[in-house]
Amino acid sequence: MLRRFIREGLELEIWEVLERVTDPELDEPVTEMGFVERVAVADACRVEVDFRLPTYWCSPNFAFLMSIGIRREIMALPWVRAARVTLLDHCLGEKVNEAVNGGRDFAEVFAAHCDGADLSDVAGTFLAKAFDRRQEAVILGLRAAGRDDAAIAAMTLGDLDRAGLSGAEAARQRPRYRALLLERGLARAPDDPAFPRWDGGAIGAAELPAHLARLRATRINMEFNGALCRGLAAARYKEVEIGPEGPTLVDFIVGRVPPREAAEGRS
């Protein structure tokens with residue numbers, strides 16, 4: 001019983017660190033997207049994680065980046081001695097799994113199957129989009145709380161830490177935005193500007209509306225892709241419940257209703 005209790009506690013810790021791994025295109029945790037299928041801990045030091053993506057042909061960029069992110073977060077835990085990450089049901093699953101778990105040069109394998117792309121460049125592109133989305137949410141939360149554009153443009157990191165925000169999304173994104181600022185070195189001290197551009201440039205009050213319009217376009221694109229991913233995953237793995245009015249044509253197409261039940265429904 002004690003051993004089982006310890007194992008379950010370690011598995012919970014794995015789930016918690018996996019929240020830091022995001023779908024690079026959507027900037028949403030793989031756990032919230034429902035991508036993680038299984039977490040197991042053996043001998044209190046070896047971890048296994050299985051995950052799968054919405055479609056068989058999901059971009060290999062995303063598959064590689066999520067796989068390496070999962071392994072990185074797991075291996076950062078002090079008690080973990082070994083980890084195996086398995087991508088299921090994907091056209092490049094074997095290649096991804098071999099690269100992540102087999103000790104091969106990950107960047108080399110990535111380039112071979114992603115049209116010669118550089119892993120760090122691809123990751124940087126997605127990180128820039130994540131930065132934009134998080135920054136927009138925080139700025140809109142400040143506006144909703146009564147701050148004008150001049151006050152927002154002049155805010156320091158210390159001001160941001162103390163500021164009141166309006167809205168759940170702004171509150172959710174503030175620590176994530178702050179963490180990315182520090183990670184990229186865009187702000188380090190409390191007196192540093194809170195809202196630089198991704199390239200480090202300053203944003204003046206007069207520029208803020210146009211800047212927000214660009215951030216909005218990024219967010220809308222990410223939200224659309226997120227809704228599409230969730231819909232594809234639900235259809236592929238039959239996770240959508242049949243409504244109270246009974247099955248629709250879509251339910252039969254994606255196989256939620258077995259043929260025998262469909263026949264009984266017609267009788």
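Among (1) in a helix (DSSP H, G or I); (2) at pLDDT 60 or above; (3) more than 30 Å from HIS90 (Cβ to Cβ); (4) in contact with a Gly (Cβ under 9 Å, 6 or more places away or on another chain), where does GLY265 come up short?
With respect to (1) in a helix (DSSP H, G or I); (2) at pLDDT 60 or above; (3) more than 30 Å from HIS90 (Cβ to Cβ); (4) in contact with a Gly (Cβ under 9 Å, 6 or more places away or on another chain), GLY265 is out only on (2).
Specify the residue that is modelled with the highest pLDDT; the eligible residues are those in the range 33-73 that are out of contact with any strand residue (DSSP E or B) (no Cβ under 9 Å at 6 or more places or on another chain) and acidic (Asp, Glu).
Restricting to residues being out of contact with any strand residue (DSSP E or B) (no Cβ under 9 Å at 6 or more places or on another chain) and acidic (Asp, Glu), the top hit is GLU73.
Out of THR86, THR125, THR156, report the one residue that is under 20 Å from MET66 (Cβ atoms), touching a strand residue (DSSP E or B) at 6+ places or on another chain (Cβ under 7 Å) and not hydrophobic (A, V, I, L, M, F, W, C).
THR86
For the condition surrounded by fewer than 17 Cβ atoms within 10 Å (Cβ to Cβ), out of contact with any helix residue (DSSP H, G or I) (no Cβ under 6 Å at 6 or more places or on another chain), at negative phi and not assigned by TED's automatic domain parsing to the domain that holds GLU223, what is the one hit in ALA128, ALA76?
Testing whether each residue is surrounded by fewer than 17 Cβ atoms within 10 Å (Cβ to Cβ), out of contact with any helix residue (DSSP H, G or I) (no Cβ under 6 Å at 6 or more places or on another chain), at negative phi and not assigned by TED's automatic domain parsing to the domain that holds GLU223 leaves just ALA76.
Is there a residue in the range 199-215 that is among the hydrophobic types (A, V, I, L, M, F, W, C), under 22 Å from ARG143 (Cα atoms), surrounded by 12 or more Cβ atoms within 10 Å (Cβ to Cβ) and without any contact (Cβ under 8 Å) to a residue 12 or more places away in the chain?
No: the range 199-215 contains no residue that is among the hydrophobic types (A, V, I, L, M, F, W, C), under 22 Å from ARG143 (Cα atoms), surrounded by 12 or more Cβ atoms within 10 Å (Cβ to Cβ) and without any contact (Cβ under 8 Å) to a residue 12 or more places away in the chain.
Within the range 87-94, is there a residue that is at pLDDT below 90 and surrounded by 19 or more Cβ atoms within 10 Å (Cβ to Cβ)?
yes
Does ARG46 satisfy being crowded, with 21+ Cβ neighbours inside 10 Å, farther than 24 Å from LEU180 by Cα and charged (D, E, K, R)?
no
Quick check on the range 41-65: of everything there that is farther than 26 Å from ASP118 by Cα and among the charged types (D, E, K, R), which residue is nearest to the chain's Cα centre (by Cα)?
The extreme case among them is GLU48.
Tell me which residues, restricted to the range 26-40, are buried (at least 21 other Cβ atoms within 10 Å of the Cβ) and under 8 Å from the mean Cα position of the chain (by Cα).
LEU26, ASP27, VAL30
Can you name every one of the helices (runs of 4 or more DSSP H) wholly within the range 66-183 that holds 2 or more residues which are within 18 Å of the chain's Cα centre (by Cα) and acidic (Asp, Glu)?
119-144
Please determine, by comparing only the residues of the range 53-65 that are part of a loop (DSSP other than H, G, I, E, B) and not hydrophobic (A, V, I, L, M, F, W, C), which one is nearest to ALA123 (Cα to Cα).
SER59
Does the range 1-34 hold any residues that are without any contact (Cβ under 8 Å) to a residue 60 or more places away in the chain and assigned to a loop (DSSP other than H, G, I, E, B), and which are they?
The answer is MET1, GLU19, ARG20, VAL21, VAL30, THR31, GLU32.
The values are calculated or read from the model by the stated rules, or taken from the named source; none is laboratory data. What you see is a predicted model; the values in this text were computed from it and never measured. No Cβ is skipped: glycine too gets one built from the backbone with ideal geometry, and neighbour counts run over all protein chains shown.
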